[in-house]
Amino acid sequence: MIRDILMYMDRTYIPSTQKTPVHELGLNLWRDNIIRSSKIQTRLLNTLLELVLRERTGEVINRGLMRNIIKMLMDLGPSVYQEDFENPFLEVSAEFYRGESQKFIECCDCGDYLKKAERRLNEELDRVTHYLDARSEAKITNVVEKEMIANHMLRLVHMDNSGLVNMLLDDKYEDLGRMYNLFRRVSNGLSTIREVMTSHLRETGKQLVTDPERLKDPVEFVQRLLDEKDKYDSIIRLSFSNDKTFLNALNSSFEFFINLNNRSPEFISLFVDDKLRKGLKGVSEEDVEIILDKVMMLFRYLQEKDVFEKYYKQHLAKRLLSGKTVSDDAERSLIVKLKTECGYQFTSKLEGMFTDMKTSQDTMQGFYASHPELGDGPTLTVQVLTTGSWPTQPSVTCNLPSEMSALCEKFRSYYLGTHTGRRLSWQTNMGTADIKASFGKGQKHELNVSTYQMCVLMLFNNAERLSYKEIEQATEIPTVDLKRCLQSMACVKGKNVLRKEPMSKDIGEDDAFFVNDKFTSKLYKVKIGTVVAQKESEPEKQETRQRVEEDRKPQIEAAIVRIMKSRRALDHNNIISEVTKQLQSRFLANPTEIKKRIESLIERDFLERDSIDRKLYRYLA
């Protein structure tokens, strides 16, 4: 009202004399004589702080009254609100939350503490919304974050029986999400969670890949790795908002511990082999793709991708030749994924194997079309394999039964007659056969056996009883393979089409064998598997490793020459670094081996050492 009466003075006199406007003068008088009077100032502050404390302890207060008083202080100027209320309010709040957090952390587990901290934070945000200045929000939340989270961060994540590790083990997604959302508010909060998670994951992963018990079953080993990856993918997706820094930490942890076990490439290939032989029967195309994508995810972590390629090629060859693959589409899909990941060079031989299988079908049709007289006798199916595409196998000859031997010769004549400049060598150790057999009491079965097993069984058409030595002499099958072959036919329950004397699990050179007339089976077609270790034996493992090392040598040399050709001169450390970088998509090159390859190239006049600086190499065109 006073301002309205003196409006003319406010508009004309005040601006020209630079005096204080009437309204502002009134507010200043109210501030100095009422709000800041010695009788009122302390009392008002204590009343306001007491009301806030009562609300924090669960009482209902008059929020309208609080809002009006706070608005009055803000109208008197920002400095009044800050000095007469906000600063003391923040100090008291810090003291309150310091005491409360200490009390909570002594009596609560980590999950409950985080719930209380979250509730307190939300209460303060609600308080700002209802009656505090909006600019106070950042200040009061900083107080709660500092006193309830930042000051107790390490104790919370390492809390016995309820800290971060226990939450990860028990899949407590809600608690993990709450911890992530609270810790992200404070500096170094997320890095603390990430470090503890990484440390725990690396430790559990290390135990998983080095535990001798778990290494006994390669399929189970890889399945556990996939389960572990699925678990942490879910945690990061559901609790950590798909945070890229956590995904990177997860990937680096898996890469770390998968490569601690040098058999991981072999085991992943065996897992694929198991799935593509039988594990994916009746599974939809979408689920097959999901499983293959998971396999590719593990493949990306491998540093020795060329070792995986070696084993995968061996396993694929066995699947294709035995016709045991569940789905050609799944096989090709995985090859496409490998090609996308590693390039054409990685998969060219694998694709060549499929081409050979298709070409062989056409060849067999042509062979039988040109020999119609063969329709009534034994049927021969030959897979003609290109030497470079398939895993190298020593060419082992064995004496085939006369019926089959004649047929093989006819095929050889036909094939060499239609293809010039080629050689055929029989890989009898990779073949299979279906033979019809008669046992006692008129029992008849069709036996699915290996070529070696067929050679042994056909001997019993002309003999009741044969000694191990006689079988060995007649077939000329290598000793190791012959023992496995006889063991699978005489010692495996339900598949024992032969009997041996003396009865034992192992095959001895003095054993004698004869047909088991009492053999019975509910099935007409009986598959007689060969007793063979799923994993490689130690000598086989050493041989594969040796082949891999030999294959790496030309690749390292090619990389060195490529680099030196473009750079012309380079010092030793930079060559090591560049070669490692260039080859890391296939394997982790050993610096010692790189050095040996450099020496070899110097000997062959591809490179030379600088005459002054012996660590500098020059390319010789």
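Every read-out reported here was derived from the displayed coordinates using simple, explicitly stated rules and does not represent laboratory data. Only a predicted model underlies this, so the values are computations on that prediction, with no experimental measurement involved. When we count neighbours, we look across all protein chains shown, and the Cβ atoms used for this are built from the backbone with ideal geometry, even at glycine.
GluC sites (Glu not before Pro) within the stretch 112-176: which are DSSP loop residues with at most 11 other Cβ atoms inside 10 Å?
Counting only loop positions with at most 11 other Cβ atoms within 10 Å, none of the GluC sites (Glu not before Pro) in the stretch 112-176 qualifies.
In the neighborhood of residue 607, defined by Cβ-to-Cβ distances under 15 Å, what is the net charge if each Lys or Arg adds +1 and each Asp or Glu adds -1?
+3
State, as an integer percentage, the relative contact order of the stretch 357-418 based on alpha-carbon contacts under 8 Å between residues 6 or more apart.
41 percent.
Please state the relative contact order of the stretch 376-462 as a whole percent: Cα pairs under 8 Å, 6+ residues apart?
Normalised by residue count, the contact order of the stretch 376-462 is 25 percent.
Could you pull out the trypsin sites (Lys or Arg not before Pro) across the stretch 26-118 that fall in loop regions by DSSP (anything but H, G, I, E, B) with no more than 14 other Cβ atoms inside 10 Å? It would help to have the intermediate numbers written out before the result.
Values: sites: 31, 36, 39, 43, 54, 56, 63, 67, 71, 98, 103, 115, 116; in loops: 36, 39.
Of the trypsin sites (Lys or Arg not before Pro), the ones in loops of the stretch 26-118 whose Cβ has at most 14 other Cβ atoms within 10 Å are 39.
Given 469/527; 244/294; 483/518; 339/495, which pairs have Cα atoms separated by over 29 Å?
With Cα atoms farther than 29 Å apart: 339/495.
Please sort by residue number the GluC sites (Glu not before Pro) in the stretch 443-482 whose DSSP state is loop and whose Cβ has at most 16 other Cβ atoms within 10 Å.
The qualifying sites are 464, 476.
What is the local net charge at residue 564, summed over the other residues whose Cβ is closer than 10 Å to its Cβ (Lys, Arg +1; Asp, Glu -1)?
Overall, the nearby charge balance is +4.
Per DSSP helix of 4 or more residues, -39500 (n - 2.57); summed, then divided by the residues of the chain. What does that give at 222 nm, rounded to the nearest 500?
-19500 deg cm²/dmol
If you place +1 on the Cβ of every Lys and Arg and -1 on the Cβ of every Asp and Glu, how big does the dipole about the Cα centre of the stretch 120-233 come out, in debye to the nearest 20?
Using Cβ point charges on Lys, Arg, Asp and Glu, the stretch 120-233 gives about 440 debye.
Positive end of the charge dipole of the chain (Lys, Arg +1 and Asp, Glu -1 on Cβ, about the Cα centre): tell me which of 523, 591, 93 has its Cα farthest that way.
Checked the options; the winner is 591.
Can you tell me the orientation of helix 244-258 relative to the chain, as the angle in degrees between its alpha-carbon axis and the longest Cα principal axis, to the nearest 10?
30 degrees
Placing +1 on the Cβ of each Lys and Arg and -1 on the Cβ of each Asp and Glu in the stretch 357-418, which of 380, 369, 417 has its Cα farthest towards the positive end of the resulting dipole?
417
For residue 316, what charge total do you get from the other residues with a beta carbon under 9 Å from its beta carbon, if Lys and Arg give +1 and Asp and Glu give -1?
Taking every other residue near residue 316 into account, the sum is +1.
What is the distance in Å between the Cα centres of the stretch 198-272 and the stretch 89-160?
What the calculation gives is 36 Å, centre to centre.
Dividing the alpha-carbon radius of gyration of the stretch 357-418 by 2.2 N^0.38 Å (N being the number of residues), what value is obtained?
In units of the 2.2 N^0.38 Å rule of thumb, it is 1.21.
Please report, in debye to the nearest 20, how large the charge dipole of the stretch 357-418 is about its Cα centre when each Lys and Arg carries +1 at its beta carbon and each Asp and Glu carries -1 there. Could the numbers behind the result be given before it?
Details: 3 positive and 5 negative charges, 48 e Å.
It comes to approximately 220 debye.
Just how large is the dipole of the chain about the Cα centre, in debye to the nearest 20, putting +1 at every Lys and Arg Cβ and -1 at every Asp and Glu Cβ?
Result for the chain is approximately 600 debye, rounded to the nearest 20.
Taking the alpha-carbon centroid of each part, what is the distance from the stretch 394-462 to the stretch 356-391 in angstrom?
13 Å
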